[in-house]
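Input: a single structure, listed below in structure tokens.
A short reminder: the numbers here are calculations on the coordinates, not readings from a lab. As the structure is a computational prediction, the values presented were derived from the model and not from experiment. Counting neighbours? That spans all protein chains shown, and the Cβs are built from the backbone with ideal geometry, glycine included.
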Amino acid sequence: MPVAAIKYFLDKKRERFLKTDSRFFVYFTATPSKAFQKGILTNALSPHPYLFRLTVGAPIITKTMQQDILCVAGFISAFYTLLVGSKIVIAIISGKSRAFLTGRVYIYVMRGLGLILCVFTGLLVKDGLHLMG
């Protein structure tokens, strides 16, 4: 149901855009890029949701099932609403900041973040070796 609603919404936006600005008609009538199918496949193959469900979601649902079934329904609906909503927000933000994502500043920010990640990796390895003896 939500997928159909999103598709309907996107189709309506496309129709409105085509009516207001016909110079991009070729862009929208070209063959679809199958990005939506790729996104579904990527999310289905990602281990993160399954790890969350096994380690966090299942124990929470098991505990709350003993209290009230409405709590379980509330947890599941809130979780998926926030999960899908956050992905939509990320897609919108990255779409609007396309110029920033291809600029020189972005490259330097990503390199700096990679360096910080390497430093934290070294610190965690050092702590792990220290704890192991």
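Among the residues of region 90-127, those identified as hydroxyl-bearing (S, T, Y) and within 27 Å of G39 (Cα to Cα) are S94, S97, T102, Y106.
Where helices (runs of 4 or more DSSP H) sit wholly within region 31-80, those with at least 2 residues that are without any contact (Cβ under 8 Å) to a residue 12 or more places away in the chain and within 17 Å of the chain's Cα centre (by Cα) occupy 35-45, 48-52.
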